[in-house]
Each structure stands twice: as structure tokens, then as C-alpha cells.
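Below: one structure, written as C-alpha cells.
The values are calculated or read from the model by the stated rules, or taken from the named source; none is laboratory data. A quick note: this is a predicted structure, and the numbers were derived from the prediction, not measured. Every residue, glycine as well, gets a Cβ built from its backbone with ideal geometry; the counts of neighbours run over all protein chains shown.
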Amino acid sequence: MNLLMALISGSVFGFGLVLSGMTDTNKVIGFLDVQQWDYDLMFVMVGAIAVMFVTYRWVVTHSAPVYAESFSIPTHTVIDKKLVVGSLLFGIGWALYGLCPGPSVISLLYQHTSLAVFFVSMLVGFFVVDRVK
Amino acid sequence: MSSTLNALLGGVLIGVSASILLVFNGRIAGISGILASSLTKEITQNLWKIVFVMGLLVGGYLAHYVLDVPIPTPTHDGVWLAVVAGLLVGVGTRMASGCTSGHGVCGISRLSVRSLVATLSFMFAGFVTVYVMGALS
């Protein structure tokens, strides 16, 4: 059941990313352009956060998820240099090319060398940090 | 449909997806974390992560096919820019333990200050980067 739910969740997520425009690098870069701001993608966050906000109300009243023994929700609250520097680096990369991790998975469907290079480089980046940790 | 409405509906679907994963499996839909550990950690324990990533591809394909969404052309063709940007996204999201989905959606909606700081940081860096790139070109 867990795997089926993961498949459904992943599929809905992928569908939503494409529908929203998050896999279109022109759209993303336009969203990050203060001079000619294309505000559309802000509504992706608005929609997603609104739904998830309600879901968390449900979560706090339940001791366990439906198909698992417990919730695995991050507990750290520390705001350190690693969080801020990491996020700044991510923001630079996101804006330079126009893709964040989810959309870059889907971009593999577009069969474009540059998109695949971005994806592989991102994996190398994951790997490097996880090695150092 | 207008692109603004598409963005809102897409966002709602992303919220529904993250809700399914949380309510049924108790897991957070943070893509950078899911991707990174589906590649490096032991397979049996993390099979769901691989399945989730497969789902992303299936859903993405369906959206293009069913809704006839045109295949976007990447803004930048260059391989070196893709390498640099990809490395920055990979390193940055792992250092910060989250990206647009984990911090931006799942974190902010549970009112995590840590995730809010992360999101404001990557948005700020994104705005500055596009501005600087525009000024340079």
C-alpha cells in the first residue's frame, strides 16, 4: 500500500508541476525577474501551501498515518549558516538555469542534452554534500 | 485556461500529492531529499522513494499527453551553464536539507521558521541572480 501511495503521490506531483509551468525554464526565470515580474508561479505556492496547511490540521489530531507507524516530520528548528548559505546557492542555481529538483526530473522527458546535463550535475552535487556530511 | 489559473491548479495538485504522502505514508514530499537518498541509501528501505520519482515521470508525461501542454524549450542551451547551475542546486539543496517542495511547500505550511528562512533565502538569491544576469547581458 505504501508503494502504491508513493506512486500516486509522485504522479499527482508530476502532473501538477507540468500543469503549473514549473518545468518551463522561461516561466521560472520570468518569475524571478523583478523588472518584468511574471507572478503566475507564485500561485503554485499559494495553492500547494493552502492544501497542505489544512492537511497539517488533520495530522496534529492523529497519532499515526494510515499506512505507517508514525509520521516522519522534520524536527530541527536550527537556523544556521548551512541552511542560509545552502539556500542562497540553490537560489542562484535555480535562477541561472530555471529548474529546481522536481521539474529537473520531469525535464528528462524532454530529451534535451542541456537538461540532462543539469540533472546529472545536480545528482553529483547531492552526492558531494552527502559524502562530506 | 489562463496560465495563472494553471499555476494555481498545479499548486493545488502539488498540495494534494504532498497530503497523500503525509496522510497515508507519514512522509514529507521533499524532492531533493527523496532524490538524493533514493540514489545513495539502501534500496529496500527506500524503495518508495524510487517509486515516487517514477511517479513524477509518469505524471509529467500524462500532463503533457492528456492536457496537450507543449514541451518547453530550455532557456539556456549551454552545457557549462547547466553544469554550474546543476551543481549549485544539488549542493545548495542538500546543505539546506530541502528545496522548493520540502521547505517552500511542506515547511512553510506547517509554519516552520527554518523553512521560511530557507525559502526567503533562495527566492532572494533567485531575484538577485536574474537581475545580475540581465545587467551583464
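Criterion applied to A:SER114, A:SER72, A:SER63, A:SER121 was being of a type in the set (Ser, Thr, Tyr), over 23 Å from B:SER115 (Cβ atoms) and not in a helix (DSSP H, G or I), and the one residue passing it is A:SER63.
Does A:VAL44 meet the test of being of a type in the set (Val, Ile, Thr) and closer than 19 Å to B:ARG110 by Cβ?
So A:VAL44 passes the test.
Of A:LEU115, A:LEU109, all but one fail to be within 18 Å of B:THR75 (Cβ to Cβ) and either touching a residue at least 12 places away in the same chain (Cβ under 8 Å) or buried (at least 24 other Cβ atoms within 10 Å of the Cβ) (or both); the exception is A:LEU115. Of the residues A:VAL46, A:VAL54, A:VAL60, the single one that is within 7 Å of chain B (Cβ to nearest Cβ), among the β-branched types (Val, Ile, Thr) and without any contact (Cβ under 8 Å) to a residue 24 or more places away in the chain is A:VAL46. Please name all residue pairs, on different chains or six or more residues apart, with Cβ atoms under 6 Å, provided the first residue is in segment B:72-96 and is within 7 Å of chain A (Cβ to nearest Cβ) and the second residue is part of a helix (DSSP H, G or I) and of a type in the set (D, E, K, R). Once the first residue is within 7 Å of chain A (Cβ to nearest Cβ) and sits in segment B:72-96, its partners that are part of a helix (DSSP H, G or I) and of a type in the set (D, E, K, R) give B:MET95/A:LYS82. For segment A:1-23, filtered to residues that are under 14 Å from the mean Cα position of the chain (by Cα) and among the β-branched types (Val, Ile, Thr), the residue that is farthest from A:GLY98 (Cα to Cα) is A:VAL12.
Conditions (1) of a type in the set (S, T, N, Q); (2) crowded, with 22+ Cβ neighbours inside 10 Å; (3) part of a helix (DSSP H, G or I), marked per residue:
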residue: B:LEU9; (1), (2), (3): no, no, yes
residue: B:LEU13; (1), (2), (3): no, yes, yes
residue: B:VAL23; (1), (2), (3): no, no, yes
residue: B:ARG27; (1), (2), (3): no, yes, no
residue: B:GLU42; (1), (2), (3): no, no, no
residue: B:GLY59; (1), (2), (3): no, yes, yes
residue: B:LEU81; (1), (2), (3): no, no, yes
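Okay, residues lined up against (1) of a type in the set (Gly, Ala, Ser); (2) assigned to a helix (DSSP H, G or I):
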| site | (1), (2) |
| --- | --- |
| B:THR73 | no, no |
| B:VAL105 | no, yes |
| B:SER115 | yes, yes |
| B:ALA125 | yes, yes |
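Cβ separations smaller than 7 Å between residues 6+ apart or across chains give no pair from segment A:6-20 residues that are within 18 Å of A:SER107 (Cα to Cα) to residues that are in a helix (DSSP H, G or I) and charged (D, E, K, R).
If you go through segment B:29-40 and keep only what is more than 7 Å from chain A (Cβ to nearest Cβ), under 13 Å from the mean Cα position of the chain (by Cα) and either over 21 Å from B:ILE108 (Cβ atoms) or not in a loop (DSSP other than H, G, I, E, B) (or both), you end up with B:GLY33, B:ILE34.
If you go through segment A:75-98 and keep only what is more than 7 Å from chain B (Cβ to nearest Cβ) and either part of a helix (DSSP H, G or I) or closer than 30 Å to B:VAL132 by Cα (or both), you end up with A:ASP80, A:LYS81. The single condition from (1) modelled with pLDDT of 95 or more; (2) over 21 Å from B:VAL58 (Cβ atoms); (3) within 7 Å of another protein chain (Cβ to nearest Cβ) that A:GLY102 fails is (2).
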